[in-house]
1. Run the numbers for PHE48 and SER2: contour at 0.36 nm per residue of separation, minus the present Cα-Cα distance, in nm.
2. Give the calculated FRET efficiency between ALA36 and LYS66 to the nearest 0.05, with a Förster radius of 35 Å applied to their Cβ-Cβ distance.
3. Please give the residues of the stretch 57-82, grouped as numeric ranges, whose backbone N is less than 19 Å from a label point set 7 Å along the Cα-to-Cβ vector of LEU96.
4. What's the carbon and sulfur percent of the stretch 32-107's accessible surface, probe 1.4 angstrom, rounded to a whole number?
5. How do the peptides 100-111, 66-77 rank, highest first, by the average count of neighbouring beta carbon atoms within 10 Å per residue?
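The values are calculated or read from the model by the stated rules, or taken from the named source; none is laboratory data. On a predicted model such as this, the values are computed, not experimentally measured, just so you know. Cβ placement follows ideal geometry from the backbone for every residue including glycine, while neighbour counts extend to all protein chains displayed. Accessible surface areas use protein heavy atoms only, side chains included; no ligands, DNA or RNA. Shrake-Rupley method; radii C 1.70, N 1.55, O 1.52, S 1.80 Å.
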Amino acid sequence: MSALRFIFTNTSRRYLSTSAFRSSQSATVGEHGQSANTWKYLSFFVAFPGVALCMVNAYKGEMEHKAHAHRPEFVAYPHLRIRNKAFPWGDGNHSLFHNPHQNPLPEGYEDEK
């Protein structure tokens with residue numbers, strides 16, 4: 001046990017006395033404050049506007065897609081929309097996140113009836 005303590009204390013003293021460790025400990029705001037400001041300005045003037053432009057582009061693309069999108073015709077395949085047991089919410093026939101325009105029931109779309 002004492003041998004481990006001797007090795008640990010000698011290596012830790014040697015590491016603490018190196019100039020690299022001392023110089024990293026003595027860093028002040030004056031030396032590295034400029035790089036922090038650079039990253040702050042890059043975040044505000046490059047990253048945030050870039051994200052905003054990407055959001056606008058995605059929104060415009062989605063609106064173009066939505067204008068041309070059409071719902072596929074309902075075909076009652078026997079292997080789809082099988083209900084062995086009712087859902088535990090609502091009337092038991094609608095899924096939890098049911099969208100009447102996109103999700104057909106076993107009989108077909110609700111708004112075509």
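1. Details: separation 46, 0.36 × 46 = 16.56 nm, distance 5.66 nm.
Stretched fully, the PHE48-SER2 segment lengthens by 10.9 nm.
2. Working: r = 43 Å, r/R0 = 1.23.
After rounding to 0.05, the efficiency reads 0.20.
3. The answer is 81-82, whose backbone nitrogens lie closer than 19 Å to the label point.
4. Working: 4290 of 6690 Å².
Solvent-exposed carbon and sulfur of the stretch 32-107 make up 64 percent of the total.
5. On the way: 100-111: 12.5, 66-77: 8.1.
Top of the packing list down: 100-111, 66-77.
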